[in-house]
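**Q** For reference, the structure I am asking about is given below.
The values are calculated or read from the model by the stated rules, or taken from the named source; none is laboratory data. Being a predicted model, the structure only gives us computed values, none of them experimental. So basically every Cβ, Gly included, is an ideal-geometry build from the backbone, and we count neighbours across all protein chains shown. Side chains are part of the model used for accessible areas, which takes the heavy atoms of the whole protein and leaves out ligands, DNA and RNA. Shrake-Rupley method; radii C 1.70, N 1.55, O 1.52, S 1.80 Å.
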Amino acid sequence: ASRQTTFAVMLFPSTAAFGLLLSGTPHPPLAVRVRPTMSLDPADWKLLSRRDQVDGALTLAAAEAGTEAQVVTVTIPRSDDAPSLGLLLDEIATSGDAGIVAVEGLVEGGNGEKATAPLLPGDALVAAAEEGKPTTGVSLEGLPFDSVVERLSSLSSAVGVVVSVKRLVRKPRATVTVRFPEAEGREDARMTLYQGANLRRAMLSSGAALNDPLARRFDAGVGTGDCGGEGTCCTCAVEVAKGLDALSEPSSQEVQMVAKRFPRWRLACKATLGPIEQDEEIVLKVQPRNWDGFYRDDEVDVDGEPLARDGKR
């Protein structure tokens, strides 16, 4: 497999606004998620170039972690009597041969209003083709306005146009509250996570003291200390007080290690967020063995030492 390297292309806001057209290489239709941002701010976008692309093609992507660019494909009817696409376009950013052209609005009563799905302000043009003729497809992604117009003009105005745009959509997220054993006297930590985020990495990045330094290793049976995120020691176990269903399904090994006995426990190194379709709230209790009341006073470990620790139960 070829190694891919990406880098961002610096763009500058454009003061030019124009009005009539659309986008390049056809993409398959994609379901549209809720809450589009409808943004015409160039700071919300970034253009990426892969060094293995000899043609210098650019890819338009969301600039912020909290949004994603979704491809939306629609068909706009056209005919000899009504050849216009009926779109108001805005070149929101440009730099040399690179640019971003987005939908600013629709011409009242025009063909754009008759598209098979609504086009929204902020939708960035990426591709277009004559209806029923995918081989006529032209790419408009990352191009300045003049280039967009030139490529769109190569398509027949007597037939419908299949248009693909990229739409910025707010990603569902989880607000995570991390709570610590009473004896530590620490304030709760809070994080915002997106789908696919690993709990252990996220908590370590936020400075949360995750691992229980006195926990007996599951894999060895004796000794303490963590395995470095391999999912074999059980020292990063957390109790999910709220939002358990928002996490990935536990593996059979994780069920054997913790969930079988403690159904609300997860190994933070193996648990990830999602899949989620809406915002979620998660509450985690780290070092669950160290919370008051977890061990009885008469419980001891394999060495005969009390498990109910002074100030850290």
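**Q** Please state which of the following conditions Val240 fails to meet, knowing it meets all the rest: (1) in contact with a Ser or Thr (Cβ under 9 Å, 6 or more places away or on another chain); (2) at pLDDT 95 or above; (3) aliphatic (A, V, I, L, M).
**A** It fails just one condition, (1).
**Q** Kindly indicate whether any position in the range 95-112 is open to solvent by 10 Å² or more (accessible area, probe 1.4 Å), in contact with a helix residue (DSSP H, G or I) (Cβ under 7 Å, 6 or more places away or on another chain), assigned to a loop (DSSP other than H, G, I, E, B) and of a type outside the set (Lys, Arg).
**A** No, the range 95-112 contains no residue that is open to solvent by 10 Å² or more (accessible area, probe 1.4 Å), in contact with a helix residue (DSSP H, G or I) (Cβ under 7 Å, 6 or more places away or on another chain), assigned to a loop (DSSP other than H, G, I, E, B) and of a type outside the set (Lys, Arg).
Quick grid of which residues meet (1) out of contact with any Phe, Trp or Tyr (no Cβ under 8 Å at 6 or more places or on another chain); (2) modelled with pLDDT of 85 or more:
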site: Arg201; (1), (2): yes, yes
site: Ala209; (1), (2): no, no
site: Asp212; (1), (2): yes, no
site: Arg216; (1), (2): yes, no
site: Gly221; (1), (2): yes, no
site: Gly231; (1), (2): yes, no
site: Val258; (1), (2): no, yes
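**Q** Of the residues Thr136, Thr116, only one is at pLDDT 95 or above, within 26 Å of Arg170 (Cβ to Cβ), touching a strand residue (DSSP E or B) at 6+ places or on another chain (Cβ under 6 Å) and surrounded by fewer than 23 Cβ atoms within 10 Å (Cβ to Cβ); which? If you could, list the steps in order and put the result at the bottom.
**A** Values: Thr136 fails: within 26 Å of Arg170 (Cβ to Cβ).
Checking each option against the conditions leaves just Thr116.
**Q** Filter the range 78-88 down to the residues that are touching a helix residue (DSSP H, G or I) at 6+ places or on another chain (Cβ under 7 Å) and crowded, with 16+ Cβ neighbours inside 10 Å and list them by number.
**A** Residues of the range 78-88 that are touching a helix residue (DSSP H, G or I) at 6+ places or on another chain (Cβ under 7 Å), as a first pass: 78, 82, 84-87.
Arg78, Leu85, Gly86, Leu87, listed by residue number.
**Q** Mind listing whichever residues of the range 139-148 are under 15 Å from Val165 (Cα atoms) and either assigned to a strand (DSSP E or B) or open to solvent by 70 Å² or more (accessible area, probe 1.4 Å) (or both)?
**A** Ser139
**Q** Does the range 36-77 hold any residues that are assigned to a loop (DSSP other than H, G, I, E, B), modelled with pLDDT under 95 and either open to solvent by less than 30 Å² (accessible area, probe 1.4 Å) or not hydrophobic (A, V, I, L, M, F, W, C) (or both), and which are they?
**A** Thr37, Ser39, Asp41, Arg51, Asp52, Gln53, Asp55, Gly56, Glu64, Gly66
**Q** If only one of Leu152, Leu199 is in contact with a strand residue (DSSP E or B) (Cβ under 8 Å, 6 or more places away or on another chain), touching a residue at least 40 places away in the same chain (Cβ under 8 Å), under 17 Å from Leu88 (Cα atoms) and crowded, with 16+ Cβ neighbours inside 10 Å, which one is it?
**A** Working: Leu199 fails: under 17 Å from Leu88 (Cα atoms).
Result of the check over Leu152, Leu199: Leu152.
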